[in-house]
Amino acid sequence: MPITANNPDRKTWIETPEHTDFPIQNIPFGVFLTRDDIITIGTRIGDTAIDLGALHQLGYFEGIPLTDDIFLQDSLNDFISDGKKTWRLVRNRIADIFDNTNPSLRDNEDHRKVVLFSLDEIEMQLPVQVGDYTDFYSSKEHATNVGTMFRDPENALLPNWLHIPVAYHGRSSSIIPSGIPVHRPQGQKLPNGATEPIFGPSRLVDFELEMAFITTDANHLGEPIPIEEAEDYIFGLVLFNDWSARDIQKWEYVPLGPFLAKNFASSISCWIVTLDALEPYRTESPKPIKPVLPYLQYEGKKSFDINLEVSIQPEGKAETVVSTSNFKHMYWNMAQQLAHHTVNGCPVNSGDMMGSGTISGPTPDSYGSMLELSWRGEKPVKLNEGGDRKFIEDNDTVIIRGHCEKNGVRIGFGEVSTKLLPIFKK
Ligand code: CA
């Protein structure tokens, strides 16, 4: 089925700011509270939020097999379970409803009044109920930088890294939408030179620049997903800030990997941009350094050219862009990650979230964490309005943005913006 929603020539009757992340070719999906405090599934064009529950009740999705309440829910999980064919039909229909040649909603003021909202009338929610969360470690530059700092520059990449899309199963309870602040975590740390740990606030709170993809129900227990089918089970992507406490991490991570250094929060952008919308931005993955096993081999372009940047905004001050990277730097792509995740028969469900791992590029200004940007604190990063940062300080806001751009069409993710508050006090 063609993705007519991606037609680059299409114009909309919705007033849309220039350079918006959300032209009519994007049509992302999210969940929001309306001005009447009703929760609904919606989309966005420019700075206008669109209530898909209301559109459906008014009959605009006639002919598409959808249950009556599919958009009147507090998460996208059931809609995602409907599968790729339905996502595509709905996106194509939305593009048609808002096409500037289509008068049906454009010229119906009564309908427009219940369907359209300005962004200040809505409150974005977590778009999916995340069942399982997995975090990969798929940027060669990031793995090399971390290996160089913490182990051995000569053997920075561990022997398994070029063969396995390395990952760990995370937790989903603290995945939060953009705008929700996070407290500085406390925990055990081993001070330099000490032999016994102390307890206290993490002094090395960091962001990790990541993206995450969201899956649909893909397989039954015992049944692997072949790599050539993997993308059929990916609904879309969000920006992902995988908060990390480096001092807690350093003490706790041997032998089973990160735990409290990571599970206090991960923040996501609120609009899920579909894999369909990203179709025009496919690009080559980095060339494999070693041959990969057959279940990880693929044909065609499975990476996506998504420009990413991270800013730090101290309280009351202007932002400073501290990193500029790109999703295409990932050594292991999403199809490989999902094929690997399920090769032993591990089931994947609707709303599961897979973090890419920190996306560092090849140059020092493209590193995806303060750990790397400040090289463990040895090279503080200068801020535009004076001062510098080795790690994130109390009341700093970390903002990640991302967008694709090609042939005059820009498809973006908006932002994930999170303030770091001081430690929690009763
Ligand atoms: Ca991570």
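The values are calculated or read from the model by the stated rules, or taken from the named source; none is laboratory data. In this text, all values refer to a predicted model and were calculated from it rather than measured experimentally. Every residue, glycine as well, gets a Cβ built from its backbone with ideal geometry; the counts of neighbours run over all protein chains shown. Only protein heavy atoms, including side chains, enter the accessible area calculation; ligands, DNA and RNA are left aside. Shrake-Rupley method; radii C 1.70, N 1.55, O 1.52, S 1.80 Å.
Just so you know, in segment 133-151 the residues that are more than 15 Å from the ligand (Cβ to nearest atom) and either among the polar types (S, T, N, Q) or in the same structural domain as THR48 (by TED's automatic domain parsing) (or both) include one that is nearest to the chain's Cα centre (by Cα), and it is THR144. Scanning segment 62-95 for residues that are among the hydrophobic types (A, V, I, L, M, F, W, C) and not in a helix (DSSP H, G or I) yields ILE64, LEU66, ILE70, PHE71, LEU72, LEU76.
Conditions tested, residue by residue: (1) within 16 Å of the ligand (Cβ to nearest atom); (2) open to solvent by 10 Å² or more (accessible area, probe 1.4 Å).
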residue	(1), (2)
THR195	no, yes
PRO226	no, yes
TYR233	no, yes
GLY236	no, no
TRP243	yes, no
TRP251	no, yes
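Taken together, GLU378, GLU372 contain a single residue that is out of contact with any strand residue (DSSP E or B) (no Cβ under 6 Å at 6 or more places or on another chain), part of a loop (DSSP other than H, G, I, E, B) and assigned by TED's automatic domain parsing to the domain that holds LYS317, which is GLU378. Counting only residues that are closer than 23 Å to GLU123 by Cβ and not in a loop (DSSP other than H, G, I, E, B), segment 249-276 holds 6 of them. Number of residues in segment 197-224 that are in a loop (DSSP other than H, G, I, E, B) and either within 16 Å of the ligand (Cβ to nearest atom) or outside the structural domain of TRP375 (by TED's automatic domain parsing) (or both): the value is 4.
Would you call THR320 more than 16 Å from the ligand (Cβ to nearest atom), open to solvent by 60 Å² or more (accessible area, probe 1.4 Å) and hydroxyl-bearing (Ser, Thr, Tyr)? In short, no. Scanning segment 393-426 for residues being touching an Asp or Glu at 6+ places or on another chain (Cβ under 7 Å) and assigned to a loop (DSSP other than H, G, I, E, B) gives a total of 2. The set of residues from segment 253-283 being within 15 Å of the ligand (Cβ to nearest atom) and touching a residue at least 40 places away in the same chain (Cβ under 8 Å) comprises GLY257, PRO258, LEU260, ALA261, LYS262, ASN263, PHE264, ALA265, SER266, SER267, ILE268.
Among the residues of segment 159-172, which ones are open to solvent by 50 Å² or more (accessible area, probe 1.4 Å), away from the ligand (no atom under 15 Å from the Cβ) and touching a residue at least 12 places away in the same chain (Cβ under 8 Å)? Answer for segment 159-172, where residues must be open to solvent by 50 Å² or more (accessible area, probe 1.4 Å), away from the ligand (no atom under 15 Å from the Cβ) and touching a residue at least 12 places away in the same chain (Cβ under 8 Å): HIS163, ILE164.
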